[in-house]
Amino acid sequence: MTMPSLIWGSPGWLTYVGIVMGLAFALLLWSYLRAPARRSVKLSAAILKAVGFLALALSLLEPLLSGTKPRRGANAFVILADNSQSMLVRDGPDSPTRGDWLRDRLNKETAWKTRLEQDFDVRRYVFDSHLRAVDGFEELAFDGIGSSLSTSLAALARRFRGLPIAGVLLFTDGNRTDDIDLDWSGLPPIYPVVPPARGTARDIGVRRVAVSQTNFESAPAVVRADVSAAGFGGEPVVAVVTDEAGQVVVRQEAKAADIDKPLSFRFQFRPEKRGISFFQVRAFAASEETSPKGVDNASATSEQTLANNSRLVVVDQGGGPYRVLYVSGRPDWEFKFLRRAIEGDDQVQLVGLIRIARRQPKFDFRDPRDRSRSQLFKGFEHPDPDTAERADQPVLVRIGTLDEVELRDGFPKAVDELYRYHAIVLDDLEAGFFTPDQLALLRNFVSQRGGGLLMLGGPESFAEGKYDRTPVGELLPVYLDRPIAGAGEAQYRLVLTREGWLQPWVRLRKTEDEEQHRLAAMPAFDTVNRAGGIKPGAVVLAEVRDQDGNPAPALVAQQFGKGRVAALLIGGLWHWGLRRADPQEDDLDRSWRQTVRWLVADVQGRVDLSVRPKADATAPAVELRVQVRDPEYRPLDNAKVVVRTTLPNGENLALDAQPDGREAGTYAATYVTKQPGAYRFVANATGPDGAAVGEREAGWAAQPAADEFARLQPDREFLEMVAAKTKGEMVDGDHLASFVASLSARDAPITEPWISPLWHQPIYFLIAISCLMAEWGLRRVNGLA
């Protein structure tokens, strides 16, 4: 509805009305100028009489109010009701449920519903996990799994796209289990009706959990949980993590705050098996800890519901085993300590390529008379010098290879030979050891294959190894324009930078005090490679300081392409292990294990599988995206991808993933998670030639009940934001009649004009008569009548 405007029904009388009013004003001015009274009294009386005369004179012009209003029955108006299980929440032991409150307003024949149906084409919908149309709200059971509020609003906008819809009356508590970005411009005005929250119910709930994988040896998995404890102020709350067998892995206890502030728990543990594992985070009152699983039903506890007391989390320990290639320019103790450190790690396989003798000139027997090489030793064949085998080859030792063929010809020269590894460690090896093609291959190993590279310090590393202006020098995180600092009387102490303290794989202790004590007791180093500077994007994680306190970078890391690179500028790291004060201390071994895990943590395979919620699905569903790569780790099209799925009840099924036209080498499939619980997905890819490419495993935890009851209080903040962005407003459930009556004064897609004669309104003449009577009374009081 537009703001009313004033028009004249008889504009032809305008001239006569002007003449009459001019004479009346002149006569009025002449009479009051001669009146014996105060100026304020004369002015007030004159204004009152002028207004009264003007109102009567304008009635001759027939003033009319004109505007537009929604045409009856031409615009749709939606009543959308929440049918999810969260509407069964009670705010107190004797309070009705929110669903009962909603039924009282929707099922009864009330005046506001009758008025709404008279003015609009009313459409009725309910939503829980998806949106659906209904004829009435009599069968509301509030048994829906999930509250897809945002998805339902988006689906409603799509259904009424191009159709006249005046608004949506939304009955909900605002708690939702989906979180998608809405196109606010495509939504009609939303008018939320929120059930009243009459009190605070006692309830403990696991609101959200987050899992992070770390390279910290003693706790590679970190689970953070936010636990709400409404009504349990000052009481202890227990949170436990259990494995798939129901055994408690870790337990913590905290006291609930008096205010409604969630408790934060941080669990650190190491899963016993690699790959995908499922763990359950459960929270309950310490007084009800009769068993690790707590109570079994809500009637045995004082809580509002037990559906939100636990959540499943998926922990991915990687798709090993990972293969690490160690290449050294000379035999030393470094490989021994590295090999010993990761011997017990079944996810890492170490392969060594160690040069024990450099390339030496060939001994020549020469004829002393013609000073030419003897033909007997020179040979009688003359092959192409570019293809002839050189006799001055270095002597290399292979350790830990899978077979006699691996690394038989030295460092890999082909993509398929090098890309079988996940990380490479270069120790005291000059750039001249590699051919130009091998240097470029190393660069592509990091940038395209996504592998990890670590260069250790030494006399033949970094600048002294002539890596400047080589492909390997490009990917290193430091500039190579300064010589090495030689061993001497200088002693270098290791310290962590601010960034290093934030990286779990750099630290070896759980607390800062313990780590500071370890660094203070750590032996000093004799040799450090000097770097010209740190490249943009690189991060200094550790420094060394000499006796004068001068700092120098010791550990620098950066992301390069799809992989990661680290420069450890300390030479002879193995001295740390030899100079340890306690023979039982294994800090060097632990440091090596964490560093190797960091190198291989995010290395991509030929098959990668990701699972994420499908945003535009009408039912709870997940989207499975599989990325397939060829031997050179380029996107592989025309592959056949099958995803084997294990359901929570143990059943198995196979899904065919179809090519995704948006990204090369990507295949997608969608699965509706009808059952709550743990899902396992294994993607198997086969190349166009029928050869197996590889497989990858992923997991997903469907827990609609935990999501539904993650929050018990109505989310008014979200609903207020929805109303504001759609130009709607919050509606009081006890004043629906007045709200519906006001809809005729609001905007709508289809309107019709309306005209109301102003001069037919009693208020119009009441104003005129009131002004004239007030003027007469004023004159009477002041003796002018």
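Looking at region 317-330 only, could you name the residues that are in a loop (DSSP other than H, G, I, E, B) and in contact with a Lys or Arg (Cβ under 8 Å, 6 or more places away or on another chain)?
Step one: of region 317-330, the residues in a loop (DSSP other than H, G, I, E, B) are 317-321, 329-330.
Scanning region 317-330 gives 317, 318, 319, 320, 329, 330.
Quick check on my filter: what residues within region 399-408 are open to solvent by 30 Å² or more (accessible area, probe 1.4 Å), in a loop (DSSP other than H, G, I, E, B) and in contact with a helix residue (DSSP H, G or I) (Cβ under 9 Å, 6 or more places away or on another chain)? Write out each step before concluding.
Residues of region 399-408 open to solvent by 30 Å² or more (accessible area, probe 1.4 Å): 399-405, 408.
Adding the requirement that they be in a loop (DSSP other than H, G, I, E, B) leaves 400-405, 408.
If the condition is that a residue be open to solvent by 30 Å² or more (accessible area, probe 1.4 Å), in a loop (DSSP other than H, G, I, E, B) and in contact with a helix residue (DSSP H, G or I) (Cβ under 9 Å, 6 or more places away or on another chain), then 400 is the only one that fits.
Which members of region 318-342 meet the condition of being at pLDDT below 90, under 20 Å from residue 421 (Cα atoms) and open to solvent by 30 Å² or more (accessible area, probe 1.4 Å)?
319, 321
Check whether at least one residue in region 183-201 is under 26 Å from the mean Cα position of the chain (by Cα) and under 23 Å from residue 91 (Cα atoms), and report yes or no. Break it down stepwise before answering.
Step one: list which residues in region 183-201 are under 26 Å from the mean Cα position of the chain (by Cα), which gives 183-187.
Now drop any that are not under 23 Å from residue 91 (Cα atoms), which leaves none.
No, region 183-201 has no match at all.
All but one of (1) in contact with an Asp or Glu (Cβ under 8 Å, 6 or more places away or on another chain); (2) over 30 Å from residue 604 (Cβ atoms) hold for residue 684; which doesn't?
Checking residue 684 against (1) in contact with an Asp or Glu (Cβ under 8 Å, 6 or more places away or on another chain); (2) over 30 Å from residue 604 (Cβ atoms), the one that fails is (2).
What are the residues in region 419-442 that are closer than 20 Å to residue 600 by Cα and surrounded by fewer than 20 Cβ atoms within 10 Å (Cβ to Cβ), if any? Spell out how you get there, then give the answer.
Step one: list which residues in region 419-442 are closer than 20 Å to residue 600 by Cα, which gives 419-427, 441-442.
Result: 420, single match.
Do you know which of the residues in region 343-361 that are in a loop (DSSP other than H, G, I, E, B) and open to solvent by 40 Å² or more (accessible area, probe 1.4 Å) is modelled with the highest pLDDT? Even if it seems obvious, please write down each step before you answer.
Quick first cut of region 343-361, residues in a loop (DSSP other than H, G, I, E, B) only: 343-347, 358-361.
This time we only want the ones that are open to solvent by 40 Å² or more (accessible area, probe 1.4 Å), so: 343-344, 346, 358-361.
Numbers: 343: 88, 344: 77, 346: 80, 358: 76, 359: 66, 360: 57, 361: 54.
Out of the qualifying residues, it is 343.
Would you say residue 110 is in contact with a strand residue (DSSP E or B) (Cβ under 6 Å, 6 or more places away or on another chain) and either among the polar types (S, T, N, Q) or crowded, with 23+ Cβ neighbours inside 10 Å (or both)? Steps first, please.
Numbers: in contact with a strand residue (DSSP E or B) (Cβ under 6 Å, 6 or more places away or on another chain): no; either among the polar types (S, T, N, Q) or crowded, with 23+ Cβ neighbours inside 10 Å (or both): yes.
No, not satisfied.
Let me spell it out: the conditions are (1) open to solvent by 10 Å² or more (accessible area, probe 1.4 Å); (2) of a type outside the set (Lys, Arg); (3) touching a Lys or Arg at 6+ places or on another chain (Cβ under 9 Å), and residue 177 meets all of them except one. Which number is the exception?
Among (1) open to solvent by 10 Å² or more (accessible area, probe 1.4 Å); (2) of a type outside the set (Lys, Arg); (3) touching a Lys or Arg at 6+ places or on another chain (Cβ under 9 Å), the lone unmet condition for residue 177 is (3).
In region 8-19, is there at least one residue being within 30 Å of residue 703 (Cβ to Cβ), open to solvent by 30 Å² or more (accessible area, probe 1.4 Å) and touching a residue at least 12 places away in the same chain (Cβ under 8 Å)? Show your work before the answer.
Here is the first cut: in region 8-19, the ones within 30 Å of residue 703 (Cβ to Cβ) are none.
No: region 8-19 contains no residue that is within 30 Å of residue 703 (Cβ to Cβ), open to solvent by 30 Å² or more (accessible area, probe 1.4 Å) and touching a residue at least 12 places away in the same chain (Cβ under 8 Å).
I need every pair where a residue in region 421-436 that is over 10 Å from residue 328 (Cβ atoms) has its Cβ under 6 Å from the Cβ of a residue that is among the aromatic types (Phe, Trp, Tyr) and in a loop (DSSP other than H, G, I, E, B), sequence separation at least 6 or different chains.
Between residues of region 421-436 that are over 10 Å from residue 328 (Cβ atoms) and residues that are among the aromatic types (Phe, Trp, Tyr) and in a loop (DSSP other than H, G, I, E, B), the close pairs are 431/467.
Name every residue in region 661-676 that is of a type outside the set (S, T, N, Q) and either touching a Ser or Thr at 6+ places or on another chain (Cβ under 9 Å) or part of a strand (DSSP E or B) (or both), in order of residue number.
667, 668, 669, 671, 672
Hey, among 100, 135, 119, which residue is acidic (Asp, Glu) and within 30 Å of residue 203 (Cα to Cα)? Spell out how you get there, then give the answer.
Numbers: 135 fails: within 30 Å of residue 203 (Cα to Cα); 119 fails: within 30 Å of residue 203 (Cα to Cα).
The match here is 100.
What number goes with the only condition from (1) more than 23 Å from the chain's Cα centre (by Cα); (2) surrounded by 18 or more Cβ atoms within 10 Å (Cβ to Cβ) that residue 667 does not pass?
Every condition holds for residue 667 apart from (1).
Residues that are over 38 Å from the mean Cα position of the chain (by Cα): find the strands (runs of 3 or more DSSP E) completely inside region 40-138 holding 1 or more of those.
On the way: elements: 63-70, 76-82, 121-127, 131-133.
Correct list: 63-70, 121-127.
Pull out all pairs, ordered by first then second residue, where Cβ-Cβ is under 9 Å, the residues are six or more apart or on different chains, the first lies in region 256-275 and is at positive phi, and the second is assigned to a loop (DSSP other than H, G, I, E, B).
Listed pairs, sorted by first residue: 275/317; 275/318; 275/319; 275/320.
Across region 597-641, what is the total count of residues that are of a type in the set (Ser, Thr, Tyr), under 23 Å from the mean Cα position of the chain (by Cα) and either part of a strand (DSSP E or B) or modelled with pLDDT of 90 or more (or both)?
Taking region 597-641 as the starting set, the residues that turn out to be of a type in the set (Ser, Thr, Tyr) are 610, 618, 633.
Filter again for under 23 Å from the mean Cα position of the chain (by Cα), leaving 610, 618.
Filter once more, keeping what is either part of a strand (DSSP E or B) or modelled with pLDDT of 90 or more (or both): 610.
Within region 597-641, residues that are of a type in the set (Ser, Thr, Tyr), under 23 Å from the mean Cα position of the chain (by Cα) and either part of a strand (DSSP E or B) or modelled with pLDDT of 90 or more (or both) number 1.
Applying the selection to region 684-701, what residues are within 18 Å of residue 631 (Cβ to Cβ), assigned to a strand (DSSP E or B) and in contact (Cβ under 8 Å) with a residue 24 or more places away in the chain? Walk me through it before giving the result.
Kept after step one, since they are within 18 Å of residue 631 (Cβ to Cβ), are these residues of region 684-701: 684-696.
Subsequent filtering for residues that are assigned to a strand (DSSP E or B) retains 684-686, 692-696.
Within region 684-701, 684, 685, 686, 693, 694, 695, 696 qualify.
Residues of region 109-147 being free of Cβ contacts under 8 Å to residues at least 60 places away in the same chain and closer than 18 Å to residue 180 by Cα, which ones?
Of everything in region 109-147, those that are free of Cβ contacts under 8 Å to residues at least 60 places away in the same chain and closer than 18 Å to residue 180 by Cα turn out to be 127, 128.
Between a first residue in region 174-197 that is more than 13 Å from residue 716 (Cβ to Cβ) and touching a residue at least 12 places away in the same chain (Cβ under 8 Å) and a second residue that is open to solvent by 50 Å² or more (accessible area, probe 1.4 Å) and of a type in the set (Gly, Ala, Ser), which pairs have beta carbons less than 6 Å apart while being 6 or more apart in sequence or on different chains?
Matching pairs, first to second residue: 180/615.
Rundown of residues vs (1) free of Cβ contacts under 8 Å to residues at least 12 places away in the same chain; (2) open to solvent by 20 Å² or more (accessible area, probe 1.4 Å); (3) in a loop (DSSP other than H, G, I, E, B), yes/no style:
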site: 653; (1), (2), (3): yes, yes, no
site: 678; (1), (2), (3): no, yes, no
site: 681; (1), (2), (3): no, no, no
site: 712; (1), (2), (3): no, yes, yes
site: 722; (1), (2), (3): no, no, no
site: 756; (1), (2), (3): no, yes, no
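If a residue must be assigned to a strand (DSSP E or B) and surrounded by fewer than 17 Cβ atoms within 10 Å (Cβ to Cβ), how many such residues does region 724-750 contain? Quick ask: steps written out before the conclusion?
Just the residues of region 724-750 that are assigned to a strand (DSSP E or B), to begin with: 731.
Still in the running and surrounded by fewer than 17 Cβ atoms within 10 Å (Cβ to Cβ): none.
Adding up the residues that qualify gives 0.
Residues being of a type in the set (Phe, Trp, Tyr) and closer than 10 Å to residue 494 by Cα: count how many of those fall in region 538-560. Break it down into steps so the answer makes sense when it comes.
Going residue by residue through region 538-560, those that are of a type in the set (Phe, Trp, Tyr) are 560.
Restricting the remaining residues to those that are closer than 10 Å to residue 494 by Cα gives none.
Here the count works out to 0.
If residue 594 meets every condition in (1) within 27 Å of the chain's Cα centre (by Cα); (2) at pLDDT 90 or above; (3) surrounded by fewer than 18 Cβ atoms within 10 Å (Cβ to Cβ) apart from one, which number is that one?
That leaves (3) as the condition not met.
The values are calculated or read from the model by the stated rules, or taken from the named source; none is laboratory data. Just so it is clear, the model here is predicted, and its values are computed rather than measured. In this analysis, Cβ positions are derived from the backbone assuming ideal geometry, glycine residues included, and neighbour counts consider all displayed protein chains. Ligands, DNA and RNA are excluded from the accessible area calculation, which covers all protein heavy atoms including side chains. Shrake-Rupley method; radii C 1.70, N 1.55, O 1.52, S 1.80 Å.
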